[in-house]
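Just below is one structure, and these are the notes that go with it.
Any read-out appearing in this document is the output of simple, stated calculations on the displayed coordinates, not a laboratory observation. Quick caveat: nothing in here was measured; it's all calculated off a predicted structure. Neighbour counts run over all protein chains shown; Cβ positions are idealised from the backbone, glycine included.
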Amino acid sequence: MVVTPEPLPSAILFVCGMNAVRSPMAAAIAKQLFPQRIYIASAGVRKGERDPFVDAVLAEIGLDIDSHEPHTVKELEDTNFDLVVSLAPEAHHWALELTRTESLDVEYWPTADPTVATGSREQILDAYRAVRDQLVARIKKRLNWRPTPAG
């Protein structure tokens, strides 16, 4: 039996608590893996503040989100997404409420909050790296990512 992969969603929204750590990380990673193939956005249930640790761990894999400013789901221009991926419990609650008025798929990817990490700067960065790496693996698996052939 041949298994055909699901078609890619045309638009994905990543949502977390404050659009400062997990959802912008996921959006940046997905945009890098699927450039110009999927519309990708991120938002938070509440508005947070930029987090320099996010910038640092994304820079390690060649990503730059300097232009990202945290914003809320209420600030989205539209909610025409095929898939909403919630990364925190409060974001998942919001996403499920959205299904009352929108036809979309919602997936909950429980993702640790690295902002609660303590210790040295390197230990804190390790917590952020763990979230980054988990998101890379989850996005690749869910969206059936394959590297493009060189040449």
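Would you mind checking the pairs 47/74; 31/140; 74/141 and listing those with alpha carbons more than 19 angstrom apart?
Among 47/74; 31/140; 74/141, the Cα-Cα distance tops 19 Å for 74/141.
For the stretch 69-131, run through the GluC sites (Glu not before Pro) and keep only the ones in DSSP coil with at most 13 other Cβ atoms within 10 Å of their Cβ.
77
For the stretch 68-151, take every pair of Cα atoms, bin their distances at 10 Å starting from 0, and report each bin as a whole percent.
14, 35, 34, 16, 2
At 7 Å along the Cα-to-beta-carbon direction for both residue 120 and residue 67, put a label point, then send me their distance in nm to one decimal.
Modelled inter-label distance: 3.7 nm.
Taking just the C-alpha trace of the stretch 11-142, give me its Rg and Dmax in Å.
Cα only, the stretch 11-142: 13.9, 45 Å (Rg, Dmax).
What ranking do 31, 74 get, fewest neighbouring Cβ atoms within 10 angstrom at the top?
Result, fewest neighbours first: 74, 31.
Can you give me the Cα centroid spacing of the stretch 129-147 and the stretch 44-67 in angstrom?
Rounded to whole Å, the Cα centres lie 17 Å apart.
Around residue 66, what is the net charge, scoring Lys/Arg as +1 and Asp/Glu as -1 over all other residues with Cβ under 13 Å from its Cβ?
Once all neighbours under 13 Å are counted, the net charge is -3.
Test of understanding: in a Gaussian network model of the chain with alpha carbons linked when under 10 Å, which of 30, 59, 112 would top the mean-square fluctuation ranking?
59
Hey, fewest Cβ within 10 Å first, where do 81, 34 land in order?
Ascending number of Cβ neighbours within 10 Å: 34, 81.
Write down, largest first, the equivalent ellipsoid semi-axes of the stretch 1-83 in whole Å, where each equals the square root of 5 times an eigenvalue of the alpha-carbon gyration tensor.
Equivalent ellipsoid of the stretch 1-83: 24, 17, 10 Å, largest first.
Considering only DSSP beta bridges where both residues belong to the stretch 11-142, give the percentage that are antiparallel (nearest 5).
Roughly 0 percent of the DSSP beta bridges within the stretch 11-142 come out antiparallel.
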